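All remarks here apply to the structure that follows.
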2 protein chains.
Amino acid sequence: MPPERTRRRIPDATVARLPVYLRILTEQGDEGVDSISSERLAELGGVNAAKVRKDLSYLGSYGTRGVGYEVAYLVYQIRRELGLTHDWPVVIVGAGNLGQALAGYGGFGERGFPVAGIVDIDDSKIGTVLSGVRVRHIDELPQIVQTKRVSIGVVATPAGAAQDAADRLVRAGVTSILNFAPVVLAVPRAIEVRKVDLAVELQILSYHEQRRAGGAIHAVGNTRPASA
Amino acid sequence: MPPERTRRRIPDATVARLPVYLRILTEQGDEGVDSISSERLAELGGVNAAKVRKDLSYLGSYGTRGVGYEVAYLVYQIRRELGLTHDWPVVIVGAGNLGQALAGYGGFGERGFPVAGIVDIDDSKIGTVLSGVRVRHIDELPQIVQTKRVSIGVVATPAGAAQDAADRLVRAGVTSILNFAPVVLAVPRAIEVRKVDLAVELQILSYHEQRRAGGAIHAVGNTRPASA
DNA sequence: GAGGCTTTGTGAACGTGCGCACGAATGCCT
DNA sequence: AGGCATTCGTGCGCACGTTCACAAAGCCTC
């Protein structure tokens with residue numbers, strides 16, 4: 001049995017926090033900070049120091065007791081673990097409002113996720129150029145994915161078109177999908193899907209607001225006048 | 001009329017799923033479905049049927065054994081629990097790329113979160129109109145929040161301006177914040193913050209892609225002694 | 001080089017959430 | 001009316017994630 005077979009599995013919760021640590025560490029590095037303690041990193045990341053240490057311990061023992069963590073080395077290790085040692089080109093499906101905003105969001109390519117292509121099904125959008133990337137027809141998806149070696153697809157279509165977009169992405173060979181459409185996508189088990197849903201986030205906030213307003217209001221019934 | 005209910009605390013994980021159930025149920029209702037089983041709802045929502053039942057049980061016993069749940073009634077109950085019985089006006093800080101896209105995203109008002117205002121600090125943007133809403137100066141924030149009774153603020157600024165935006169929102173009286181900037185916001189404990197971070201999502205996908213590609217690549221080098 | 005101070009790394013306790021499995025309730029059929 | 005099929009509601013064990021607390025390990029001073 002090869003030694004690399006014992007590859008650690010990092011808990012999902014930790015994986016979700018590593019990018020946050022990475023950003024903070026990068027910033028700190030840029031500001032000339034060489035070394036950082038778990039305490040400080042926790043403060044900047046809005047979490048518990050013990051959690052930081054446990055999270056980082058999954059990467060290996062890269063800290064120095066009594067001192068802290070060397071920022072540059074930690075940045076390197078996290079980047080390696082997250083697979084950020086090379087670029088991951090992405091393809092965006094949907095050149096509507098959201099697709100345009102995503103394409104225009106510079107932070108995309110900056111952070112190692114260059115936009116390899118944007119496609120849409122609407123002929124009127126084909127050919128227009130968004131932030132230097134020409135919108136192409138969705139039928140060209142397989143070609144884009146193959147030639148540019150894209151493994152991450154972004155679904156930025158209206159809800160009704162999302163499942164079709166996902167199907168096409170999967171058929172084209174993409175293995176990870178970031179879904180912005182308010183739909184639960186059905187995909188093969190092997191495909192990794194993450195969802196960003198504006199409405200869900202707002203509704204969660206709504207829940208807390210309503211709760212804050214006090215069960216008192218509710219006890220009486222629908223006190224609030226039917227607002228506009 | 002149901003008896004007075006002690007206000008249950010609903011688990012966060014459940015709160016996060018209720019909006020998904022709600023959307024599915026609304027769709028099903030529109031399609032003429034009157035009754036739905038936990039099994040079917042689970043299938044559409046991509047979760048386990050037992051989880052659906054447990055989630056819904058936090059709202060009360062609104063199902064009928066042997067039959068399922070009445071769609072319309074369940075929609076009503078979830079909406080009530082999430083505080084969606086009335087609108088929650090939101091104010092957007094930042095009229096850049098993202099702010100514009102958010103304002104243009106019709107689903108906002110449709111789903112009960114009308115845009116009460118958009119503000120920016122950049123004079124060149126003031127006065128422009130985005131989807132029927134005029135961009136106003138950030139100094140007008142307190143006035144907007146007060147007159148329109150806004151309790152949810154959306155931070156759509158660049159990273160550097162996000163903390164200031166959050167501070168201003170809090171001072172203006174907002175109690176919930178949806179943060180799109182890649183920054184961990186420091187806010188008073190009482191303020192509810194939710195974060196949507198594109199880069200984080202992509203990096204999580206990157207982790208899985210890299211993992212999928214096989215740890216073999218990493219087997220080279222790094223002969224650091226394994227810790228006991 | 002010993003002693004004290006700092007900070008990591010981690011075992012263990014604790015809390016939360018998940019999913020199975022089954023009793024309970026309801027509708028339908030004969 | 002009684003039996004059967006269906007589906008809800010939930011107790012329970014398990015797995016995961018969080019936090020505490022402390023020993024181990026390094027640096028600094030004298």
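Note on A:LYS54: aspartates and glutamates with a C-alpha under 20 Å away, same-chain residues under 8 apart excluded, are A:ASP12, A:GLU39, A:GLU43, A:GLU70, A:GLU81. Inter-chain neighbour count for B:11-19: the average number of beta-carbon atoms from partner chains within 10 Å of each residue's beta-carbon is 3. Strictly over 30 Å apart at the Cα level, which of A:LYS195/B:LYS51; A:LYS51/B:LYS148; A:LYS125/A:LYS148 would you flag in this model? In this structure, A:LYS51/B:LYS148 lie more than 30 Å apart at Cα.
What are the GluC sites (Glu not before Pro) within the stretch A:1-97 that DSSP puts in a loop, where the Cβ has at most 14 other Cβ atoms within 10 Å?
Values: sites: A:GLU4, A:GLU27, A:GLU31, A:GLU39, A:GLU43, A:GLU70, A:GLU81; in loops: A:GLU31.
Listed in order of number, the matching sites are A:GLU31.
Working note: 222 nm ellipticity from helices only, DSSP H runs with n ≥ 4, each -39,500 (n - 2.57), summed and divided by the residues of chain B, gives -12500 deg cm²/dmol to the nearest 500.
If you take every residue apart from A:VAL71 with its C-beta less than 11 Å away from the C-beta of A:VAL71, what net charge results, scoring Lys and Arg +1 and Asp and Glu -1? Local charge sum for A:VAL71: -4.
If the elastic network links every pair of Cα atoms under 10 Å, which of B:PRO188, B:PRO158, B:PRO114 fluctuates the most in the Gaussian network model of chain B? Result for chain B, Cα springs under 10 Å: B:PRO188 fluctuates most. A:VAL196: net charge of surrounding residues, Cβ under 10 Å, Lys/Arg +1, Asp/Glu -1, itself excluded? Net local charge, A:VAL196 excluded: -2. Among beta bridges from DSSP that stay inside chain A, the antiparallel ones total about 25%. The local environment of A:LEU141, defined by Cβ-Cβ distances under 13 Å, has a net charge of -1 under the rule Lys, Arg +1 and Asp, Glu -1.
Each 5 Å bin from zero up to the one holding the largest Cα-Cα distance in the stretch B:66-105 carries the following percent of pairs: 5, 18, 15, 12, 11, 14, 11, 7, 4, 2, 1. Take the alpha carbon gyration tensor of the stretch B:1-130, find the square roots of its eigenvalues, order them as a ≥ b ≥ c, and report rounded if a/c is under 1.5; if not, report prolate when a/b exceeds b/c, else oblate. Prolate is the answer for the stretch B:1-130, as a/c is 1.5 or above and a/b outweighs b/c. For chain A, a Gaussian network of Cα nodes joined below 10 Å ranks A:ASP167, A:ASP87, A:ASP12 by mean-square fluctuation, and the top entry is A:ASP12. Shape analysis of the protein assembly as shown yields a ratio of the Cα radius of gyration to the Kirkwood radius, Rg/Rh, of 0.97. The slack between B:ALA213 and B:GLU39, meaning 0.36 nm per residue of separation minus the straight C-alpha distance, is 59.1 nm.
Ranking B:PHE108, B:LEU18, B:VAL135 by how far each Cα lies toward the positive end of the dipole of chain B (charges on Cβ) leaves B:LEU18 at the top.
Computed over chain B with a Gaussian network model linking Cα atoms closer than 10 Å, the most mobile of B:LYS54, B:LYS125, B:LYS195 is B:LYS54. Once a ≥ b ≥ c are taken as the square roots of the eigenvalues of the Cα gyration tensor of chain B, is the result rounded (a/c under 1.5), prolate (a/b larger than b/c) or oblate (a/b not larger than b/c)? Oblate, because a/c is 1.5 or more while a/b does not exceed b/c. Specify whether the C-alpha gyration tensor of the stretch B:106-191 places it in the rounded, prolate or oblate class, a ≥ b ≥ c being the square roots of the eigenvalues: rounded for a/c under 1.5, otherwise prolate if a/b is larger than b/c and oblate if not. Rounded.
Every read-out reported here was derived from the displayed coordinates using simple, explicitly stated rules and does not represent laboratory data. Predicted model, so just to flag it, every value in this text is computed and none were measured. Note that each Cβ is placed from the backbone with ideal geometry, even for glycine, and that neighbours are counted across all protein chains shown.
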